[in-house]
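Below is one structure, written out as structure tokens, with a few remarks after it.
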Amino acid sequence: MDTDLVPLPPKDTILSLRTGKIRPFGGVKGLSSAINKQSRQGRVRLTISGFVGDERQYIHHKSPDNAIHQYDPRHYDAWKKTLPDREHKFKVGAFGENISTAHLSESNLCVGDKFRLGSDAIIQVTMIRQPCYKLNHRFEYKKMSSLIQGNGRTGWYYRVLKGGYVQEGDEMLLIERINPRWSLTRVQHILYRDTNNTWAIAELVDLEGLSQEFIDLFKDRLSNGIENMNGRLQGSFAVPWQQYRLVEKTRLTPKVQRFIFKSEGAGSDSEDLAFGRFPHVRLRFGPGAKFTRAYSVISGDMRSFELGIAKDDYSRGGSVYLHDNFKVGNVLEVAKGHNATIPILHGEQGGLRSHIFILGGIGVTAFLGEIKNLKISSTNFEIHYAVRSREEAAYLDLLPLERTTVYAKDEGRRLEVASLIPLPGDCRNGHKAVVYCCGPTSLLSACREMTTKLGYPRSQVHLEEFGGATTGTGDPFEAEIKATGEILQVPREKSLLEVLNDYGFEIDSSCLVGNCGTCMVDLCKGQVLHQGTALEHKQKEGSMLTCVSRGKGRITIDC
């Protein structure tokens with residue numbers, strides 16, 4: 001008996017079949033991927049390029065040698081033990097696999113193995129998956145790609161030798177083994193551990209069935225030595241989520257508390273500690289990290305910063321949890337918010353300008369830094385601050401009283417947006433107006449409608465929305481799923497994102513207020529009331545943000 005021979009795998013069955021589209025990814029500006037794949041029911045066509053409807057971004061992933069990605073679902077239990085604080089992330093599909101089965105693994109598969117998939121298709125094992133930095137973002141752990149490379153739970157790829165139709169439940173049967181001593185685990189060993197084994201590398205260069213990418217890699221290693229793996233493993237995008245500890249919690253008003261957080265990493269992972277204009281952060285917290293919320297920064301930098309958080313009367317759970325359950329000493333995850341994408345003009349840039357701040361409740365926190373800078377530069381500005389009562393006017397002491405008008409509901413004073421916003425080029429004292437607004441949805445809508453009606457350019461309006469119980473809600477509509485024809489009812493009280501995830505589509509999301517673009521889907525047909533800032537005007541013709549935008553009547557989307 002030849003003990004070097006790799007044991008044959010048993011007959012297997014496709015448990016999961018998934019495809020995905022390229023989308024913004026990880027809440028990081030400029031980063032995108034098709035790793036978030038959706039389950040496909042029914043027969044799916046398989047071609048030389050892969051499953052119809054499956055997109056691949058990275059140039060090497062578009063090779064026919066990378067047509068199908070498989071991952072052993074048994075690895076997920078091991079990952080939960082390795083990284084228990086990220087247990088909720090480890091479920092089938094998390095590694096972007098197209099298919100999964102019960103019995104196949106890196107240890108019982110060999111390079112060049114041929115399988116019959118379903119009744120017609122034939123596929124061939126080509127290579128292991130080389131983990132890259134995008135997996136660091138996928139699992140929000142900066143060493144994830146290195147961990148995968150070290151423990152061998154990589155997954156693998158196939159090329160398609162013969163196409164056909166495939167579906168969940170189809171049989172997957174080994175029909176030929178041409179390299180019985182070259183398991184994928186052995187390839188991993190030469191690739192990452194026994195890297196100077198020139199005899200084995202020379203054999204791999206001529207190994208039938210191996211991907212062209214790996215042939216080129218091993219040829220280069222014979223000529224030039226071991227390749228630099230740092231770029232692949234680390235990338236040029238910093239993992240945004242870092243751990244912070246709550247060091248102070250103080251009540252400011254009956255509904256607002258001050259939270260001061262300090263980095264657990266002493267800022268060593270952030271090259272840019274300072275916040276930009278209109279600073280905000282995203283927090284992730286609660287059981288299973290179920291809450292993700294964005295908040296304006298009052299002061300500080302990424303080493304330590306202050307937030308003012310109001311307890312929302314109609315909270316989706318986040319603000320209530322922070323107020324009632326989150327204690328000094330507790331730790332959560334924080335990501336630095338994106339800087340404003342709209343070129344709001346500074347000070348007197350582009351001529352004399354008057355800055356009009358229309359604020360409601362805790363919305364005051366969005367512009368405290370901007371107001372401070374305008375005061376220092378002696379720029380013309382005015383503040384209109386609507387509150388229930390002066391007792392509930394958080395941070396009123398940070399506003400210049402001579403420029404601030406308070407509209408307290410219990411005093412019978414009502415803020416009328418129409419009376420505060422002049423024509424964009426005909427402001428008080430001959431100055432052009434720049435309008436800022438943050439507050440309840442009704443206030444933001446009134447400002448948006450008025451500035452649109454008056455013809456304000458984007459550079460003269462800045463609206464901040466960080467989400468509340470009504471974010472993404474509105475008139476009911478229907479969403480038809482292009483791939484299946486299924487029609488989903490989106491009720492008044494739910495966002496499209498919530499409905500899609502309720503139905504198992506597993507749409508990625510991050511900011512939940514339309515700032516990052518992570519939850520974007522393709523808009524195929526119908527009218528949409530677009531909200532949020534992540535999409536440019538041209539993008540709105542074929543895309544929508546599921547966390548905040550809503551359809552009119554019936555729309556057709558592709559996830």
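The values are calculated or read from the model by the stated rules, or taken from the named source; none is laboratory data. Not measured: the values here are computed from a predicted model. For neighbour counting, all protein chains shown are included, and Cβ atoms are generated from backbone atoms with ideal geometry for every residue, glycine included. Keep in mind that these areas ignore ligands, DNA and RNA; they rest on the heavy atoms of the full protein, side chains included. Shrake-Rupley method; radii C 1.70, N 1.55, O 1.52, S 1.80 Å.
Details
Residue-wise test of (1) among the aliphatic types (A, V, I, L, M); (2) touching a helix residue (DSSP H, G or I) at 6+ places or on another chain (Cβ under 9 Å); (3) within 17 Å of residue 209 (Cα to Cα).
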site: 127; (1), (2), (3): yes, yes, yes
site: 137; (1), (2), (3): no, yes, no
site: 147; (1), (2), (3): yes, yes, no
site: 160; (1), (2), (3): yes, yes, yes
site: 165; (1), (2), (3): no, no, no
site: 173; (1), (2), (3): yes, no, no
site: 187; (1), (2), (3): yes, yes, yes
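- Residues located in segment 10-32, provided they are open to solvent by less than 20 Å² (accessible area, probe 1.4 Å) and modelled with pLDDT under 90: 25, 26, 27, 31
- Selection within segment 287-308 - part of a strand (DSSP E or B), in contact with a His (Cβ under 7 Å, 6 or more places away or on another chain) and hydrophobic (A, V, I, L, M, F, W, C): 294, 297
- With respect to being aliphatic (A, V, I, L, M) and not in a loop (DSSP other than H, G, I, E, B), residue 386 fits the description.
- If you go through segment 34-46 and pick out every residue that is loosely packed, with under 14 Cβ neighbours inside 10 Å and on the phi < 0 side of the Ramachandran plot, you end up with 2.
- Only one entry in 512, 523, 535 is aliphatic (A, V, I, L, M), open to solvent by less than 50 Å² (accessible area, probe 1.4 Å), part of a loop (DSSP other than H, G, I, E, B) and free of Cβ contacts under 8 Å to residues at least 40 places away in the same chain, namely 535.
- Pairs with Cβ under 6 Å, 6+ apart, first in segment 76-88 and modelled with pLDDT under 90, second charged (D, E, K, R): 87/80
- Verdict on residue 550 being surrounded by fewer than 18 Cβ atoms within 10 Å (Cβ to Cβ) and of a type outside the set (A, V, I, L, M, F, W, C): no
- Within this structure, residue 49 passes the test of being polar (S, T, N, Q) and open to solvent by 40 Å² or more (accessible area, probe 1.4 Å).
- All strands (runs of 3 or more DSSP E) inside segment 435-504 with 3 or more residues being closer than 24 Å to residue 416 by Cβ: 461-464
- Among the conditions (1) in contact with a Gly (Cβ under 8 Å, 6 or more places away or on another chain); (2) over 26 Å from residue 281 (Cα atoms), residue 531 misses just one, which is (2).
- Residues of segment 484-501 that turn out to be closer than 22 Å to residue 53 by Cα, touching a strand residue (DSSP E or B) at 6+ places or on another chain (Cβ under 9 Å) and surrounded by fewer than 17 Cβ atoms within 10 Å (Cβ to Cβ), as a count: 3
- Strands (runs of 3 or more DSSP E) lying entirely in segment 21-140 (those with 1 or more residues that are under 22 Å from residue 506 (Cα atoms)): 44-47, 68-70, 99-101
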